[in-house]
1. For Val62, enumerate residues with amide H under 5 Å from its amide H, sequence gap 5+ or separate chain, H modeled in the peptide plane.
2. Full extension from Glu36 to Glu125: what is 0.36 nm times the residue separation minus their Cα-Cα distance, to one decimal in nm?
3. Using θ = phi - 60° and the Karplus form 6.51 cos²θ - 1.76 cosθ + 1.60, what ³J(HN,Hα) does each residue of segment 21-31 get, whole Hz, x for Gly and Pro?
4. Are there any trypsin sites (Lys or Arg not before Pro) in segment 114-161 that are in a DSSP loop and have at most 10 other Cβ atoms within 10 Å? List them by number.
5. Kindly write out, for segment 32-40 in residue order, the coupling ³J(HN,Hα) from the Karplus curve 6.51 cos²θ - 1.76 cosθ + 1.60 (θ = phi - 60°), rounded to whole Hz, with x marking Gly and Pro.
6. Students often forget the sequence filter, so: which aspartates and glutamates lie under 13 Å Cα-Cα from Lys110 once same-chain residues fewer than 8 apart are removed?
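Each value in this text was obtained by applying a stated rule to the coordinates, not by laboratory testing. None of these values were measured; they are calculated from a predicted model. Heads up, the Cβs are rebuilt from the backbone with ideal geometry, glycines too, and the neighbour counts pull from every protein chain shown.
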Amino acid sequence: MTHHIMVLGIGNILFSDEGFGIRVVEKLYDLYEFPENVSLVDGGVLGLNLMGMISQADHLIVIDAIRNKGSAGDLYRLEGDAIPERIRAKNSLHQIDFLEALTLCQALDKVPKTVILGVEPEDMETLSLELTATIRGKIDRVIDMVLAELELLGVADFEVKSKKSEACGNFYFSLSTFNSFKGTIDNVSCNTV
């Protein structure tokens, strides 16, 4: 049986570095083709509304900006008991809602094994669609971290996309796609984004 792996970017792209997770998932989608059991999801600030999708995953790799009292650009990998401790320390509503969604998956008896990869943000208060230069410079490092996590989960057959690639080995949900999502991941059609 093939395990479903979800790579989930969360954050608010309207507040500079807060959108880091989304920007990483966008670049992953642009650069790579993954097997059908790997999905890339732009979770935005949906929090509790992600529960249905999260509960369908066997493994969850979350990407986000993480305040950890470090220096801007520090990279983090959280798992197990470290997840709720760091998320609560962030004081971000979408992070708290995400933690609640993950916790509520227990009611469905479907809690995915979760790893959170993130970066210490430089600026999450400025209204801007652009990441700061420091944080933008960390996207490729975090992509390498995501690829390493996927390899640990047995996914080694991802390919670099060619410009003409029309393949649909994985899919990408944007916020607007998710808002119109009706059903399960299994019945989503493949469309070029």
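1. Leu8, Val115, Ile116, Leu117
2. On the way: separation 89, 0.36 × 89 = 32.04 nm, distance 3.70 nm.
Using 0.36 nm per residue and subtracting the Cα-Cα distance, I get 28.3 nm.
3. Result, rounded to whole Hz: x, 5, 5, 5, 5, 4, 5, 4, 5, 5, 9.
4. Numbers: sites: Arg136, Lys138, Arg141, Lys161; in loops: Lys138, Lys161.
Sparse-neighbourhood loop trypsin sites (Lys or Arg not before Pro): none present.
5. After applying 6.51 cos²θ - 1.76 cosθ + 1.60, I find 10, 10, 10, x, 4, 7, 10, 10, 10 Hz.
6. Within the straight-line cut-off, Lys110 pairs with Asp58.
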